[in-house]
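A quick write-up on the structure given underneath.
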Amino acid sequence: MQDNSFPHRGRGQAFSSGRLAAGHGRGGRPSDDWDGMGGGGGRLTRGRKFGADELQLMLLALLKERPGHGYEFIKELQAQSNGFYSPSPGMVYPALTYLEELGYVTVEAHGNRKLYHLAEPGRLYLDANRERAELLFAGLKHAARKMAWVKQAWNNESDPEALEATGWLPEFVEARRAMKAALLRRTDATPEEQRRITVILKRATCEILGEEASPADQA
C-alpha cells in the first residue's frame, strides 16, 4: 500500500498551539467526535488538534485555489470553521516553510512578504490525497455549522433566518442523534448482529451519498 503521509519532522505530533475543536482518526479522517450533536456520542471539544501533516495538506488545498500569504490562510481556515479553528502564525509559517523544503510550494517575494504558490509536486501529492483533504474541510464546515447551531439553540431561535445560518433541520439533528443512540445501545451486539447492522449502515451510507450499493451490501 502506498504511504501518502508527509515525511515531515516529528510526524504524528500535533501543533500544540492550535485551537481545533474536533478529533481526528488515522489518515486524517474525522473521528466520531466530529458528529458533535449529542445523544450519548462524541462532541466537538476544544482540546483536539490537527496533526502537522493535516495542516500541511489543508494549506496545499488552499494554495490550489490561489496563491496567498500565510496570514490569508489563517483567515481562511478561521472563516471556514466559523472561528472554531484558528491556527497561529507559529503553526502556519513553519508548515509553509517545510512545504517549500519538500518542493511542494514555491515562494515569490511580494514586497516585504512572501507569496506562496502551489508547485507541481505539491499538486500531485494533493491529488493523491484528495479524499483525505475533502474530509478535513468537511470537518471544518461541520464545526462552523455546529457553532451556529449551538448559538441558535442557546438563544432558542426557530425563525427561518436562524435555521438558514446552520442549514440543519430539527428533524435532521434528531435523526442523527437517534442513530448514534441506537448504535450505542448495540455496543455489545453479537457477531451475527454486528453483521446485520453493518449491512444496514453500508446500505444507508450509499443511499445518503447517492451511490449504488454493491450486491454484498444489499444482502
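Observations, loosely collected:
- Of all the listed residues (Tyr104, Tyr98, Tyr116), the sole one being modelled with pLDDT of 95 or more and either open to solvent by 50 Å² or more (accessible area, probe 1.4 Å) or closer than 17 Å to Phe50 by Cα (or both) is Tyr98.
- Pairs with Cβ under 8 Å, 6+ apart, first in the range 112-124 and free of Cβ contacts under 8 Å to residues at least 40 places away in the same chain and farther than 12 Å from Phe73 by Cβ, second in a strand (DSSP E or B) and open to solvent by less than 100 Å² (accessible area, probe 1.4 Å): Ala119/Val105; Ala119/Thr106
- When the range 73-95 is limited to residues that are open to solvent by 50 Å² or more (accessible area, probe 1.4 Å) and touching a residue at least 24 places away in the same chain (Cβ under 8 Å), the one that is nearest to the chain's Cα centre (by Cα) turns out to be Asn82.
The values are calculated or read from the model by the stated rules, or taken from the named source; none is laboratory data. Just so it is clear, the structure is predicted and the values come from calculations on it, not from any experiment. Here the Cβ is made from the backbone with ideal geometry for all residues, glycine too, and neighbour counts use every protein chain on show. SASA here: full protein model, heavy atoms, side chains in, ligands and nucleic acids out. Shrake-Rupley method; radii C 1.70, N 1.55, O 1.52, S 1.80 Å.
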